[in-house]
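Written below as structure tokens is the structure these notes are about.
What follows draws every value from the coordinates through simple rules; no lab data is involved. On a predicted model such as this, the values are computed, not experimentally measured, just so you know. Positions of Cβ are generated from backbone atoms using ideal geometry, with glycine treated the same way; all protein chains shown enter the neighbour counts.
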Amino acid sequence: MLRYLAKNRSVGHIAHQGGLLASVYSYSSTSETAKKSKPTFHEVSDASEESHTGQFINKVSKPYTVTTYARPNLVLTHGKGSYIYDLENRKYIDFTAGIAVTCLGHSHEGITEILKDQSEKLIHCSNLYYNLPAGELASKLIHKTKEHNGLHDASRVFLCNSGTEANEAALKFARKHGKSKGGDNKIEFITFANSFHGRSMGALSVTPNPKYQSPFAPLIPGVHIAEPNNIDSVKELISSEKTCGVIIEPIQGEGGVNHVDESFLIELRKLCNEHDVLLIYDEIQCGLGRSGKLWAHSYLPQEAHPDVLTMAKALGNGFPIGATMITEKVENALSVGDHGTTYGGNPLGARIGSYVVDEITKEPFLQSVNEKSERFIAKLNQIAEAHPHRVLKVKGKGLLLGLQFAEGVDINKIVEKCRENGLLIITAGMNTIRFVPALNIPDQAIDDGLTILEHCIKS
Ligand SMILES: Cc1ncc(COP(=O)(O)O)c(C=O)c1O
């Protein structure tokens, strides 16, 4: 049972709750010898049924947990930066960041400090009253968005607790706005093939994946599916009388890390204007620095900016928080009582959100995301060139990257093999492996992780 080993790695020892000590994967140096030395690989299969892990899963966790997830025998216990550890004290390079969430890495000291400090002051007080962090986060999001070439007429923020909730708010606001403009028939939505917007009923209704939708049909009516980068497909569906909102991810994450063209989004914006339809950008995965700018739409000219912007994931670095940003045009259609949530804007989450936004919007931080992205893409291109029959292309932007494989390649096997070699990665649609690491991932972790990946593609 071995992990991926570089010649001059150091073997550390860590203790876990069970008191067990085991050797872990741990690099001590980036010296020339380390770079030149040929790595050797050693696989560790997932923990056995008899292990601490197997016993915990089969006796404590699995029998009492609703069966909605397929998971390997892996119990994660703690992490630091871009490394994460399991109950068997195995160390993994983390290219998943909890699915694009822990943008500043695991156990970030700044976040830990805020958690402690704010939890000693006020964790929750409901939206019956104002609180300082929620107001500060809302105003910060608006100002920073404008400073970073995002939604130029951003005006207000609704704080909630997750991505799907941020989209629920967006859909409800679009309906309210639509009805205020066109009466009770202006309630329909246009969404796009391969998009993902969440699992609650509204968000699920605009997530056109039969696997997710069919068991729960009927969903909300009047949702039409267009093709990304095909403006004619939208023209055929949009109507001034019926359509209230169009929802799109500027870079699709779950659907396969698919970039949407600038020219298409400019045309889409124009169509929405002509038909008085709200344009909603879901930046829950691609936003907050992941694209290399604050927002994926920060790359776009103002004429392609949305009316509504949704965010979550990275905003809390793991603390559940989401937000829906709107323009004054949308705000004007809303009234007191239209929407609400008990936990949204709680002082603890909001303070963490403020901290994350401050960190991400530091210029050196975003610059470094772009440098890391270049490093990642260069190595992914090398891998693609070396395996032309298996790898089709490198996709994505910033640190939302994908490697699309040929149809016959079983990417789940590659994911499993990577895990056995000490690297966590995830898949996406279109037979794509997705890379969404912490935005501050060390270069060494990028290099080591991609060395493991290439080894696993080869074998
Ligand atoms: C683009 C996008 N929208 C919405 C969601 C739903 O977010 P949550 O899982 O926080 O509800 C996700 C989650 O993966 C996402 O990637």
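Applying a threshold of 24 Å to the alpha-carbon distances of Lys91/Lys417; Lys395/Lys458; Lys186/Lys235; Lys140/Lys313; Lys144/Lys393; Lys140/Lys329 flags Lys144/Lys393 as lying beyond it. Between the amide H of Thr77 and those of Tyr85, Asp86, Leu87, distances stay under 5 Å, these residues lying 5 or more places away or on another chain, with hydrogens modeled in the peptide plane. Each residue of the range 72-78 is assigned a 3J(HN,Hα), and the resulting list reads x, 6, 8, 10, 8, 10, 7 Hz, derived from the Karplus form 6.51 cos²θ - 1.76 cosθ + 1.60 (θ = phi - 60°), x at Gly and Pro.
Cross-link partners among aspartates and glutamates for Lys59, C-alpha distance below 19 Å, same-chain residues fewer than 8 apart left out? Partners within reach: Asp46, Glu49, Glu50, Asp86, Glu88. Close amide H partners of Thr427, meaning residues 5 or more places away or on another chain with modelled amide H under 5 Å apart, are Arg434. For the range 113-361, which semi-axes, largest first and in whole Å, follow from the square roots of 5 times the eigenvalues of its Cα gyration tensor? Equivalent ellipsoid of the range 113-361: 29, 19, 18 Å, largest first.
Counting only DSSP beta bridges with both residues in the range 113-361, the antiparallel share comes to about 45 percent. P(r) tail for the chain: Cα pairs beyond 43 Å make up 15% of the total.
Helix 163-182 and the long axis of the chain differ in direction by around 10°, with both axes built from C-alpha atoms.
R0 = 41 Å: FRET efficiency of Thr65 with Ala378, Cβ-based, nearest 0.05? The partial results should precede the final answer.
Numbers: r = 41 Å, r/R0 = 1.00.
In this case the efficiency is close to 0.50.
The angle between the Cα long axis of helix 347-360 and the main principal axis of the chain comes to about 70°, on a 0 to 90 degree scale. Summing Cβ point charges (Lys, Arg +1; Asp, Glu -1) relative to the Cα centre of the range 113-361 gives a dipole of roughly 460 debye. Dipole of the chain computed with +1 at Lys/Arg Cβ and -1 at Asp/Glu Cβ about the Cα centre; of Leu128, Ile190, Gln382, farthest Cα towards the positive end is Gln382. Annotation: amide H-H contacts under 5 Å for Ala226 (H modelled 1.01 Å from N, sequence separation of 5 or more, or interchain): Thr191, Phe192, Ala193. Working from Cα positions, state the angle (0 to 90°, nearest 10) between the long axis of helix 262-274 and the longest principal axis of the chain. Helix 262-274 sits roughly 30 degrees off the main axis of the chain.
What does DSSP give for the chain in terms of the percent of beta bridges that are antiparallel, rounded to the nearest 5? Intermediate results must be reported in sequence, preceding the final value.
Details: 38 of 55 bridges.
Around 70 percent antiparallel, to the nearest 5.
Over the chain, DSSP H runs of length four or greater, each weighted -39,500 (n - 2.57), average out per residue to a 222 nm ellipticity of -10000 deg cm²/dmol. Counting other Cβ atoms within 10 Å as a rough exposure proxy, the listed residues Arg90, Arg71 run Arg71, Arg90 from fewest neighbours to most.
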